[in-house]
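Quick notes on the structure that follows.
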Protein chains: 8
Amino acid sequence: MTYNVYLSGEIHTSWREEIIQGCQDLNLQIEFSSAVTNHEKSDAAGDGLKIQDDNFNRDHQSAKVNALRTKTLINNAHIVIVRFGNKYKQWNAAYDAGYCAAVNKPYITLHDEDIIHALKEVDAGAQAWATTPQQVVDLLNYTLSK
Amino acid sequence: MTYNVYLSGEIHTSWREEIIQGCQDLNLQIEFSSAVTNHEKSDAAGDGLKIQDDNFNRDHQSAKVNALRTKTLINNAHIVIVRFGNKYKQWNAAYDAGYCAAVNKPYITLHDEDIIHALKEVDAGAQAWATTPQQVVDLLNYTLSK
Amino acid sequence: MTYNVYLSGEIHTSWREEIIQGCQDLNLQIEFSSAVTNHEKSDAAGDGLKIQDDNFNRDHQSAKVNALRTKTLINNAHIVIVRFGNKYKQWNAAYDAGYCAAVNKPYITLHDEDIIHALKEVDAGAQAWATTPQQVVDLLNYTLSK
Amino acid sequence: MTYNVYLSGEIHTSWREEIIQGCQDLNLQIEFSSAVTNHEKSDAAGDGLKIQDDNFNRDHQSAKVNALRTKTLINNAHIVIVRFGNKYKQWNAAYDAGYCAAVNKPYITLHDEDIIHALKEVDAGAQAWATTPQQVVDLLNYTLSK
Amino acid sequence: MTYNVYLSGEIHTSWREEIIQGCQDLNLQIEFSSAVTNHEKSDAAGDGLKIQDDNFNRDHQSAKVNALRTKTLINNAHIVIVRFGNKYKQWNAAYDAGYCAAVNKPYITLHDEDIIHALKEVDAGAQAWATTPQQVVDLLNYTLSK
Amino acid sequence: MTYNVYLSGEIHTSWREEIIQGCQDLNLQIEFSSAVTNHEKSDAAGDGLKIQDDNFNRDHQSAKVNALRTKTLINNAHIVIVRFGNKYKQWNAAYDAGYCAAVNKPYITLHDEDIIHALKEVDAGAQAWATTPQQVVDLLNYTLSK
Amino acid sequence: MTYNVYLSGEIHTSWREEIIQGCQDLNLQIEFSSAVTNHEKSDAAGDGLKIQDDNFNRDHQSAKVNALRTKTLINNAHIVIVRFGNKYKQWNAAYDAGYCAAVNKPYITLHDEDIIHALKEVDAGAQAWATTPQQVVDLLNYTLSK
Amino acid sequence: MTYNVYLSGEIHTSWREEIIQGCQDLNLQIEFSSAVTNHEKSDAAGDGLKIQDDNFNRDHQSAKVNALRTKTLINNAHIVIVRFGNKYKQWNAAYDAGYCAAVNKPYITLHDEDIIHALKEVDAGAQAWATTPQQVVDLLNYTLSK
């Protein structure tokens, strides 16, 4: 079987590419997916619909359009990787983790050690906490091993 | 019927008390619940079990114990209020919101305007965004009106 | 056991009162509920939140607030009555019927004969089609009989 | 992955063809489906079964036969487009939207601005409101982008 | 806790009364429920609605009205007793058993030994097969014992 | 998409073959499945396991083995056809229909007119009642039409 | 709210009584439940039904009767305590834990340190691992604290 | 269709290979899967993550990593085989059986006769009890027969 792995969270570093590359190097049979990770495009996802002059309304419209994609892909995933950077709030990543917990879908968190206290509830629902993309690759390699 | 309302998130201001007081003043038939909001007690929730010298393991053990309470209460709630302060990360609040979204349980967010962009995915899944506890009281009053 | 019966749809005639009165006359053990049926109040349900100058945004905000109430009450109901008048579109009533069908919750439709063709899909998912409030009372009386 | 998109609602204009054509022009990997959109055929869907002289009974029989198809296709879809024209009541479209809301399946509404008030509950549960088929194409293109 | 026990099936002998009496004699905290067991009333359940001259249509209308009651009561039950007599077909009892199996609700069958072969699939999904009402009383007594 | 259609019930006439042949003649994209329809083989399904001298225990063991197959295939089906003959009791067919009703899976009944009264609850939950295999073929052809 | 707590597993020591007494001393609002813990009575649970001369068949019949009780009580519980002694295999306790994990119901394990390796999968799905009944009392006290 | 069969439990004998070989000899269309059955690798599954000096914490971390794999594969399986040896406790096998029972997924147990009493609850939820791998092959052959 092909595993579907959804990559949720932080968009400012190359963690997605590193995981995908690492898995390709191992020839793992994985189909990766993500939200649209281009920040401007994502913020403008709903701009083709009703013109919204107000920040909240524009964000609201775009966030709901983005969910068309993310909801479908998360529902379709076997495993979700949830990445938290140190600088940004990434509430959407925690939101995705809660969604996974509710539907019994296994997820792995990926974040540095200095934010473990703030993330303890999110980590408590996870199957694993990794600190590097390579660890995630290793976990996926183990999960898909014969 | 009595409504069960769960109050999730930030523990540094008096928003819980204000909502509860406001609803009591209106004689609304609501049973409120929360996580344990005493920070030290919450962090020590698992300390009576295995002695954990390491920060991650201690947090992990306590977070899972806290979930005994929060999972039960959220599952039992009709409506969840999710509060985000400006200073703290409150990933657990976003996590609760994602959980609610997945099980189709309606929730209201409560936060200031300056964090609407970071919270756009969480707000997109909410039934309402409030900025003051009084607005939440008004929403509950409306929801429970004859 | 007490039955919870939710009354969905048209707000311009006295069908709700007739059903409730008819059941009270028979001492049926039923707790009735509804959306807020005061049109102005319902349209203004979200007005205490963000000020929305635009019609769509105002309606959107109020509709989501109203769903706080209706979602909870429909989920809590054992039986739903869905009323369609001839003049108005009542798409929300059809929406409620579709919701009930998906979660296997039994519902009764209440409407005149001249709109049976337009309502054939909604009626196909219903347990009964009534044309008068008295018929609904009779159905509930039968359903609750010893 | 191939997306399954179900097109629900109004059958008197070419909106289905426009969306399908628009997506084909972009080579989007989408399998579209619909109810039988030939009005006479749809009304006669059950006529090969029991002979029904009465309008209600004939409609009832055909509507249930049509649901064999629509229920299967909606359950199988990742995204549903729900179209409302101005002239007809399309209660079945609202019914499909309610069904989607209940099972957490994302849907997009497609309708003109002059019926936003009547459709506010249906729009409140949607991920997006579009006014033209081209906007729907753009949303699908965004949703399926790499 | 009070147990809700639903009694499904054959209506020509006194098995319901015997079980209820037996449990009352033991002061078991059980609330029993059933379909309407008066045959004429049950067949006429939908007669107050549309006049149906045809046998199938009349039966169809009444059966759907009866389901208003039975669906609610079965969903509400903790345990279901499914009774098959030797003379009648009681397909509705087997239908109820299949419904219970699908939603993981435990049920007990009650029937004579000479129909075990025809009932083997229904018995395979049951928690117990009893041949007398007294055995059912004993099972309930055991189930509710301190 | 390929439809999976499960054929449940009576095994003494050629209705299965007629439906399958009829659909093949129309080149319908359907994968059919069934319980094992060889009566002796089906009764002996569990005989390779524990030796059971007693009729009930042998039937019980075989029925549970058969359910390995039928449960999987019904869960996998989009549409189920439930066939009742006049001579036999086919409680297992009614059981399958109840299972389908509970999980919202559409099914068609296939039986003669003289047993409509006894089957009224089963028919009430069905999408269609057919009296000939050809009618079922026609319904499937309609359901799969472009 | 009153919590329902189900006590699963080992029946040879007084752990149940200690937990119940400890919670009563604290006036915790908990309703406790269990399988029938009298070994002989439990083994004989089905003996009033068909006479089964064979060990497997007798056990099978009794185990299914016991499940009438345990399934209902576990489904009704908010929290489950799963106790493993060192001497016995208590596969039924592990079975209950797996059931809880699948339906997202929180459970606490109670066992000595020398069997942690054999129980690692069961502990991995638990919210907490306790080694003494007093620790369980403390966890429940915390969970129910105001 | 291809069946997915998950092989759970004991890792010290060749039962997995015997079942797989037996099914290959019959050309059955089955995709088999398992947990990682190399004991050392399985125990070390989480060792690449946080260094855990304590036995419980190390086991906990590895068990959760293993669940990434097993949860996905069990959810994906149509049928689960649960094997208990006589020497080891295999609580994880019983845990998997309970999981299957809760989600209505059919499973077969495979164990010797001398442990039937201790396994009676696990066997009660199973579709079949086999004592040899060959019996399992025969059951699968029957299940997949045309």
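Of H:S14, H:S34, all but one fail to be modelled with pLDDT of 95 or more, surrounded by fewer than 19 Cβ atoms within 10 Å (Cβ to Cβ), closer than 22 Å to A:I108 by Cα and within 15 Å of the chain's Cα centre (by Cα); the exception is H:S34. Residues that are part of a loop (DSSP other than H, G, I, E, B) and either free of Cβ contacts under 8 Å to residues at least 40 places away in the same chain or within 7 Å of another protein chain (Cβ to nearest Cβ) (or both) within the stretch B:75-85 comprise just one, B:H78.
The residues listed here are G:Q52, G:Q127; of these, the one that is among the polar types (S, T, N, Q) and either touching a Ser or Thr at 6+ places or on another chain (Cβ under 8 Å) or more than 30 Å from A:A124 (Cβ to Cβ) (or both) is G:Q52. The numbered conditions (1) touching a Phe, Trp or Tyr at 6+ places or on another chain (Cβ under 9 Å); (2) assigned to a loop (DSSP other than H, G, I, E, B); (3) free of Cβ contacts under 8 Å to residues at least 24 places away in the same chain are all true for G:L28 except (3). Taking the stretch B:49-85 on its own, how many of its residues are of a type in the set (D, E, K, R) and under 27 Å from B:Q29 (Cβ atoms)? Within the stretch B:49-85, residues that are of a type in the set (D, E, K, R) and under 27 Å from B:Q29 (Cβ atoms) number 3. Among the residues that make up the stretch B:19-26, is at least one of them under 15 Å from the mean Cα position of the chain (by Cα), more than 21 Å from G:L140 (Cα to Cα) and not charged (D, E, K, R)? Scanning the stretch B:19-26, I find at least one residue that is under 15 Å from the mean Cα position of the chain (by Cα), more than 21 Å from G:L140 (Cα to Cα) and not charged (D, E, K, R), so the answer is yes.
Tell me yes or no: at least one residue of the stretch F:35-48 is at negative phi, among the basic types (K, R) and in contact with a strand residue (DSSP E or B) (Cβ under 6 Å, 6 or more places away or on another chain). There is no residue in the stretch F:35-48 that is at negative phi, among the basic types (K, R) and in contact with a strand residue (DSSP E or B) (Cβ under 6 Å, 6 or more places away or on another chain).
Before we move on, is G:A63 more than 21 Å from B:I74 (Cα to Cα), in contact with a Ser or Thr (Cβ under 7 Å, 6 or more places away or on another chain) and crowded, with 24+ Cβ neighbours inside 10 Å? It is false that G:A63 is more than 21 Å from B:I74 (Cα to Cα), in contact with a Ser or Thr (Cβ under 7 Å, 6 or more places away or on another chain) and crowded, with 24+ Cβ neighbours inside 10 Å. Tell me whether the stretch D:15-27 contains one or more residues that are under 24 Å from D:K120 (Cα atoms) and either hydroxyl-bearing (S, T, Y) or out of contact with any helix residue (DSSP H, G or I) (no Cβ under 7 Å at 6 or more places or on another chain) (or both). The answer is yes, given that some residue of the stretch D:15-27 is under 24 Å from D:K120 (Cα atoms) and either hydroxyl-bearing (S, T, Y) or out of contact with any helix residue (DSSP H, G or I) (no Cβ under 7 Å at 6 or more places or on another chain) (or both). Search the stretch D:102-146 for residues being facing chain C (nearest Cβ under 10 Å) and basic (K, R), and hand back the single one that is surrounded by the fewest Cβ atoms within 10 Å (Cβ to Cβ). Filtering first and then ranking leaves D:K105. Within the stretch B:86-94, is even one residue in a helix (DSSP H, G or I), polar (S, T, N, Q) and either more than 16 Å from the chain's Cα centre (by Cα) or surrounded by 20 or more Cβ atoms within 10 Å (Cβ to Cβ) (or both)? Within the stretch B:86-94, one or more residues are in a helix (DSSP H, G or I), polar (S, T, N, Q) and either more than 16 Å from the chain's Cα centre (by Cα) or surrounded by 20 or more Cβ atoms within 10 Å (Cβ to Cβ) (or both).
Taken over the stretch E:95-110, the criterion of being among the polar types (S, T, N, Q) and assigned to a loop (DSSP other than H, G, I, E, B) is satisfied by E:N104 alone.
Within the stretch A:113-146, being assigned to a loop (DSSP other than H, G, I, E, B) and under 16 Å from A:S8 (Cα atoms) holds for A:L119, A:G125, A:A126, A:Q127, A:T131, A:T132. Apart from one condition, A:D123 fits all of (1) within 16 Å of the chain's Cα centre (by Cα); (2) touching a residue at least 24 places away in the same chain (Cβ under 8 Å); the exception is (2). All of (1) surrounded by fewer than 15 Cβ atoms within 10 Å (Cβ to Cβ); (2) within 11 Å of chain A (Cβ to nearest Cβ); (3) without any contact (Cβ under 8 Å) to a residue 24 or more places away in the chain hold for B:Q21 with one exception: (2).
When F:A97 is tested against (1) more than 21 Å from E:R83 (Cβ to Cβ); (2) within 13 Å of the chain's Cα centre (by Cα), exactly one condition is not met: (1). When every residue of the stretch D:80-95 is checked against the conditions, at least one turns out to be modelled with pLDDT of 95 or more, under 20 Å from A:V65 (Cα atoms), in contact with a Lys or Arg (Cβ under 8 Å, 6 or more places away or on another chain) and of a type in the set (V, I, T). Reported count of residues in the stretch B:44-74, each being without any contact (Cβ under 8 Å) to a residue 40 or more places away in the chain, within 27 Å of B:I108 (Cβ to Cβ) and more than 10 Å from chain A (Cβ to nearest Cβ), is 4.
The values are calculated or read from the model by the stated rules, or taken from the named source; none is laboratory data. What you see is a predicted model; the values in this text were computed from it and never measured. Cβ coordinates were reconstructed from backbone atoms using ideal geometry, including for glycine residues, and neighbour counts include every protein chain displayed.
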